[in-house]
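Let me begin by presenting the structure, written as structure tokens, before commenting on it.
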Amino acid sequence: MGRYLRSLGAFWSSSLAMELEYPLNALIELLSVLGNLAGSVVVLALFYGRGHDLGGWSWDEALVVLGVYTLLDGFTSTLLQPNLGAIVNHVRTGSLDFVLLKPIDSQFWLSARSFSPWGLPGVLAGLALIWLAARRAGASPSLPTLLGTGLLLVCSALILYSLWFVLAATSIWFVKVWNATEVLRSTLVAGRFPVSAYPPALRTLFTLVLPVAFLTTVPAEAILGRTTLPWVLASLGMALLSLALSRALWRYALRYYTSASS
Amino acid sequence: MAIIEVRGLGKSFRVADKQPGLGGTLRHFFARRLKDIPAVRDVSFSIEPGEVVGFLGANGAGKTTTLKMLTGLIEPSAGAVEVAGFRPFRRQASFLRTITLVMGQKQQLIWDLPPLDSLRVNAAVYGIPEPEARRRIEELAEMLELGEELRRPVRKLSLGQRMKAELLAALLHRPSVLFLDEPTLGLDVNAQVRVREFLADYNRRTGATVLLTSHYMGDITALCQRVLLIHQGRLFYDGSLQELTQRLAPYREVCCDLAAPYPPEAFAGFGELESLTGQRLRLLVSREQLTATISRLLSSFPVLDLEVNDPPVEEIIGRLFREGAVG
């Protein structure tokens with residue numbers, strides 16, 4: 001355990017050093033986070049400005065969902081994109097060899113090796129938006145509610161991570177799976193709005209097949225104090241299940257790894 | 001007790017069988033035909049602790065595939081491998097701490113950062129306490145003649161410096177079995193010599209076992225008392241380097257730049273004509289006749305430049321198989 005923590009420290013401090021070699025990149029990423037957020041707020045504002053409502057969600061409540069989405073998107077830019085996005089290249093160029101020969105869990109290495117600080121503004125903006133919008137929507141969350149929301153947010157991060165890792169792991173067989181991860185990222189965009197805003201067919205799809213509902217709507221409902229125990233349990237179960245699935249699939253995939261030729 | 005034990009090792013790869021052209025591509029997309037290609041067949045050998053063994057073979061002979069099975073990267077299709085008492089493909093942490101793999105054409109150092117940052121990561125991953133890691137880095141850096149290069153971004157290092165830093169990173173955990181795949185690839189002669197000297201020194205100091213592939217005969221002659229020769233996936237020769245060089249060494253390669261073009265017939269009686277492109281001549285000359293041939297060349301032709309080399313391993317091996325000296 002201590003070795004993993006120390007490794008994580010070495011991983012992230014070297015990633016940070018690496019990112020700081022290219023300061024212009026920092027500025028671009030920051031602008032892109034702010035641009036995305038502004039764009040989403042404008043779309044929502046246009047919608048509510050015409051007196052529509054979104055699947056029974058008020059303007060402020062919908063902003064909470066947007067906040068959760070922004071938070072997850074920041075998490076994606078900080079950890080998922082830099083790490084899981086690199087797996088395909090590891091497989092294609094054969095540098096996965098070096099990972100597999102280290103006496104450390106290869107899934108841990110591949111999932112935690114890089115850390116991009118440029119997603120952190122998104123994380124902070126997301127947290128701020130969740131808090132402000134929830135207060136304006138009239139919620140005064142108690143400590144247990146906050147803890148529950150935190151737990152659900154961790155679950156949604158885990159679900160998203162596992163799905164992405166599963167897709168990236170299939171690169172062992174198919175090598176190029178960038179398209180698949182793009183599809184995942186664009187599906188996540190659907191999570192900017194409450195899931196009940198979508199037609200029933202899509203709603204089912206987003207709950208059962210692509211767990212968009214668990215990613216954003218469920219944690220948002222939690223902080224607004226409207227979630228029910230079954231949803232919490234379902235979310236928890238979904239997270240553990242998808243994590244276990246990603247792990248099992250990775251182990252299975254490694255049996256088929258042939259390593260790029262020299 | 002052998003440290004590397006290989007019995008009847010085999011590996012075949014399932015590859016796509018695609019016809020060229022659009023028609024072939026379409027057919028391949030809809031009905032993928034696969035076939036099994038044997039890369040390594042029934043290879044057996046054993047290596048004692050502390051041995052430095054050269055692993056020779058043409059491109060595609062199966063060297064890298066065998067190394068990957070020995071390091072546990074890929075699973076053998078047949079046979080058994082044991083390295084330091086472990087079955088490599090299980091990749092237990094204690095096995096991975098015992099071995100290292102250096103690949104001349106791949107690198108593990110972080111491109112944009114100085115080698116020291118990558119070394120810190122490796123120290124953490126292998127659980128080497130920081131003071132101990134510092135001591136080891138210092139010791140290895142001295143052996144490798146690396147100094148402030150360790151503080152410069154890897155992308156700004158020369159190929160030779162980078163390779164030495166790669167070696168440092170690969171040896172930080174003090175492995176006792178070293179697998180080196182073309183560790184001197186692309187290095188200039190000086191850098192090659194330094195890497196060789198380092199490897200010999202490391203082997204002497206630590207008693208580590210080394211299995212090394214190389215295209216440069218010089219690496220093999222400088223380091224290995226014993227060689228394994230692999231051809232089309234099969235082991236063709238396992239024995240002392242001396243015995244092998246006795247069969248091969250009669251030949252040296254003489255390259256000349258001539259001041260004027262000559263027909264190939266002009267070089268009859270000067271050994272075996274390997275190639276003649278424009279005014280550049282390459283001859284294979286037996287060792288006993290080397291000096292005599294060179295002085296005759298110099299007196300008979302307007303020679304601008306002349307060098308004498310060991311023929312490349314590929315050439316030697318090709319010759320070996322043509323002459324049926326092995327097999």
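Where a number appears in this text, it was derived from the coordinates with a stated rule and is not lab data. Everything numeric here is computed off the predicted structure, so don't read it as measured data. Every residue, glycine as well, gets a Cβ built from its backbone with ideal geometry; the counts of neighbours run over all protein chains shown.
Tabulated values for the structure
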| quantity | calculated |
| --- | --- |
| Simple label model, 7 Å out from Cα along Cβ direction - A:SER186 to A:GLN107, nm | 2.9 nm |
| Exposure proxy order (Cβ contacts within 10 Å, fewest to most) of B:LEU185, A:LEU27, B:LEU73 | A:LEU27, B:LEU185, B:LEU73 |
| Surface/4 estimate of mean projected area, convex hull on alpha-carbon atoms of the stretch B:6-115, nm² | 10.7 nm² |
| Within-15-Å neighbourhood charge of B:CYS256 [Cβ basis; K, R +1; D, E -1] | -2 |
| Separation in nanometres of the label points that stand 7 Å from Cα toward Cβ, at B:ALA2 and B:VAL193 | 3.7 nm |
| Computed FRET value (nearest 0.05) for A:ARG135 with A:LEU241, which takes r as the C-beta separation and R₀ as 35 Å | 0.55 |
| Gyration tensor verdict on the stretch B:71-133 (Cα atoms; rounded if a/c is under 1.5, prolate if a/b is larger than b/c, oblate otherwise) | oblate |
| Per-residue [θ]222 nm for chain A (sum of -39500 (n - 2.57) over DSSP H runs n ≥ 4, rounded to 500) | -22500 deg cm²/dmol |
| Furthest towards positive pole of dipole, B:LEU67, A:SER246, B:PHE55, structure part the protein assembly as shown, Cβ charges | A:SER246 |
| Solvent-free Debye scattering, log10 I(q)/I(0), computed from the Cα coordinates of the stretch A:2-254 at q = 0.09, 0.11 Å⁻¹ | -0.42, -0.62 |
| Residue pairs, from the table B:LYS35/B:LYS106; A:LYS102/B:LYS164; B:LYS68/B:LYS156; A:LYS102/B:LYS35, whose Cα atoms sit over 24 Å apart | B:LYS35/B:LYS106; B:LYS68/B:LYS156; A:LYS102/B:LYS35 |
| Along each principal axis, Cα extent of chain B, largest first, Å | 67, 56, 47 |
| Normalised convex hull volume, the stretch A:90-172, alpha-carbon set, Å³ per residue | 124 Å³ |
| Over chain B: helical MRE at 222 nm, DSSP H runs n ≥ 4 each giving -39500 (n - 2.57), nearest 500 | -10500 deg cm²/dmol |
| In degrees, nearest ten, helix B:21-30 long axis to first principal axis of chain B (Cα) | 20 degrees |
| Theoretical gain in end-to-end length, B:GLU132 to B:SER176 [0.36 nm per residue, Cα-Cα removed] | 14.1 nm |
| For the stretch B:91-232, alpha-carbon Rg relative to the globular expectation (2.2 N^0.38 Å, N residues) | 1.02 |
| Expected-Rg normalisation [2.2 N^0.38 Å, Cα atoms] applied to the protein assembly as shown | 1.23 |
| Extension reserve of the B:PHE13-B:LEU298 stretch, reckoned as 0.36 nm per residue once the Cα distance is removed | 97.4 nm |
| Gaussian network model of chain B, Cα within-10 Å springs - most flexible of B:PHE236, B:PHE301, B:PHE45 | B:PHE301 |
| Spread of Cα-to-Cα distances over 5 Å intervals beginning at zero, given as percent, for the stretch A:72-121 | 5, 23, 26, 21, 14, 9, 3, 0 |
| Most to least packed among B:253-266, A:121-134 [average Cβ atoms within 10 Å] | A:121-134, B:253-266 |
